[in-house]
Amino acid sequence: MKWFVDGYNVIRRDADLRGRESESLEAGRTALLAAVAAAARRTGDQFTVVFDGARRDASPPVTGQVQIVFSRPPETADDVLRALVAKAGAGSVVASSDRAVCDAARRAGAVAVSAEDFVAALRDGGEREDDESGDDRAQKRGGNPRRPSREERDARRVLARLAGRRGDR
């Protein structure tokens, strides 16, 4: 499975990562990349983490199953994510709480998960029950109102895979 991660969006949606970022941008990126690298080793999935701006530090990039991409101004990380997911299409997952990025992912046939749910799956394997995304979509359509939408089921499936394979390797 191919994951595309909205780097700063994920960092700024999690208290621990945000705290590391308050030390320095590099500390925030390093903390996120360490968690993503552990998930890549555990699951065998490929991860691309996209950040805004050009790389300004001398630290070596993470290698192997984690690729780091920095957008080049005037392009934003959101622009890069939308292009990457359009190319990858079905079978890929986008981790972002940016609505435009998630909508582009769904249009391309990819699964979109919120930054909060992504971090929760990385950290403790838990699924968040307080996610309100999609509630109004489910009410506008017919069918069983208690059954989650296809998008919600797909998101739960990929998050469970990310969290559930924690002890396998």
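Applying the selection to the stretch 110-134, what residues are at pLDDT below 95 and in a loop (DSSP other than H, G, I, E, B)? Result: Asp124, Gly125, Gly126, Glu127, Arg128, Glu129, Asp130, Asp131, Glu132, Ser133, Gly134.
Gly89: touching a Gly at 6+ places or on another chain (Cβ under 6 Å), surrounded by 13 or more Cβ atoms within 10 Å (Cβ to Cβ), over 14 Å from Ala115 (Cα atoms) and without any contact (Cβ under 8 Å) to a residue 60 or more places away in the chain, yes or no?
yes
If the condition is being buried (at least 17 other Cβ atoms within 10 Å of the Cβ) and either part of a helix (DSSP H, G or I) or not β-branched (Val, Ile, Thr) (or both), then the stretch 41-51 contributes Arg42, Thr43, Asp45, Phe47, Phe51. Scanning the stretch 39-49 for any residue that is under 16 Å from the mean Cα position of the chain (by Cα), of a type in the set (Val, Ile, Thr) and either more than 17 Å from Phe118 (Cα to Cα) or at pLDDT 95 or above (or both) turns up at least one such residue. Does the stretch 52-63 contain at least one residue that is free of Cβ contacts under 8 Å to residues at least 24 places away in the same chain and outside any loop (DSSP other than H, G, I, E, B)? No, the conditions are met nowhere in the stretch 52-63.
The values are calculated or read from the model by the stated rules, or taken from the named source; none is laboratory data. Since the structure is predicted, the reported quantities are computational estimates derived from the model, not experimental observations. Please note: Cβ atoms are built from the backbone with ideal geometry, for glycine as well, and neighbour counts cover all protein chains shown.
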